[in-house]
Amino acid sequence: MGILVNYNRLVCMILFLPSLCYSNQTIASKATFYETSDGKGGTCGYGNHGNYMNNMRVTAVSSKLYNNGAGCGACYHVTCKEKPVCVSWFNGTCSRVETICSFSGTKLMVTDNREGPVGTDFIIPYTNFGSLAVHPGVAYYVYAKGVVDVNYRRVSCTNNNNGIINLALEVDEHTNYPAYIAFVPITYQGGLTDILAIEIYEEKCNKWIAMRRAYGAVFDMANPPSGPLKLRIQVTDHDGSITKWVQSKKTIIPSYWKPGTIIQTDIQLS
């Protein structure tokens, strides 16, 4: 049994990108911030849902963690590691030193892809960057650094139901019934599972047809089969060591769909 476990983890290291092989390991990196006028999902395609995902604690990540969109919806616990700074001076001598980083850190959900300075994996909206500070009174010193050292690890996005929630899809605004369908998972993974592929079942031909990852978390298909339709998704396991298909037990894509429709499914992922 021990040999099998080691073999599976070796396969994970060989076949999958490092961002898919997650564990409780803490990784050193850097974080910076960017100005933004809204939180509308960024390149993941979450649209207005980006305004309230994870209680608005969202972030952009490097291409390494974004992983061509498979990293959308992932949650990370990010902790600032900067040293204490001098906050008061007297006669040219530091008279008071304060800790500026929060030891408890903050949980952030991936909704966007951006590139920061070399070695920076988290490019956080300006309004969220201050959550790395131990309290608002010293947030200024965190912002002033521009780029801070952090540790991060992959975590679940939810503490409810043992991290298991139902997959929900929103029909994308560019959908054109019946010639083109596109949708984005808006609640699905608890933050610990990456969706690699989605397929729709063609009942007339008795086969599964692959959808295309259009961008981010958005999947689409031209000339889809007429509904109602079953759906299945390919996901990584919680530690990335294996992949599996999870299938709906009943038809979940209705016969008629329009932009903005929320589709609740019976697919559950931990």
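For the reader, a short list of remarks on this structure follows.
- Formal net charge of residues neighbouring Ile267 (Cβ-Cβ distance under 11 Å; K, R +1; D, E -1): +3
- Within straight-line cross-link reach of Lys250, lysines at Cα separation under 22 Å, skipping those fewer than 8 residues along the same chain: Lys204, Lys207, Lys230, Lys258
- Remark: the Cα gyration tensor places segment 27-154 in the prolate category, a/c being 1.5 or greater and a/b exceeding b/c.
- For segment 27-154, the per residue solvent-accessible surface stands at 47 Å², with DNA, RNA and ligands left out and a 1.4 Å probe.
- For segment 165-269, dividing the convex hull volume of the Cα atoms by the residue count gives 91 Å³ per residue.
- On the beta carbon distance between Lys258 and Tyr126, with R0 = 30 Å, the FRET formula returns roughly 0.25.
- Qualifying chymotrypsin sites (Phe, Trp or Tyr not before Pro) in segment 66-148, DSSP loop, other Cβ atoms within 10 Å at most 14: Phe103
- For segment 165-269, the solvent-accessible area with a 1.4 angstrom probe is 46 square angstrom per residue.
- Assigned charges on the beta-carbon of Lys, Arg, Asp, Glu; segment 57-128 dipole about Cα centre (debye): 140
- All other residues whose Cβ lies under 15 angstrom from that of Ser88 are scored, Lys and Arg at +1 and Asp and Glu at -1, for a net of 0.
- The charge dipole of segment 27-154, taken about its Cα centre with unit charges on the Cβ of Lys, Arg, Asp and Glu (plus for the first two, minus for the last two), comes to roughly 280 debye.
- Qualifying GluC sites (Glu not before Pro) for segment 24-107 [loop in DSSP, other Cβ within 10 Å: at most 13]: Glu35
- Segment 173-230, accessible surface, carbon-and-sulfur percent (1.4 angstrom probe): 50
The values are calculated or read from the model by the stated rules, or taken from the named source; none is laboratory data. Not measured: the values here are computed from a predicted model. In this analysis, Cβ positions are derived from the backbone assuming ideal geometry, glycine residues included, and neighbour counts consider all displayed protein chains. Heavy atoms of the whole protein, side chains included, go into the accessibility calculation; ligands, DNA and RNA do not. Shrake-Rupley method; radii C 1.70, N 1.55, O 1.52, S 1.80 Å.
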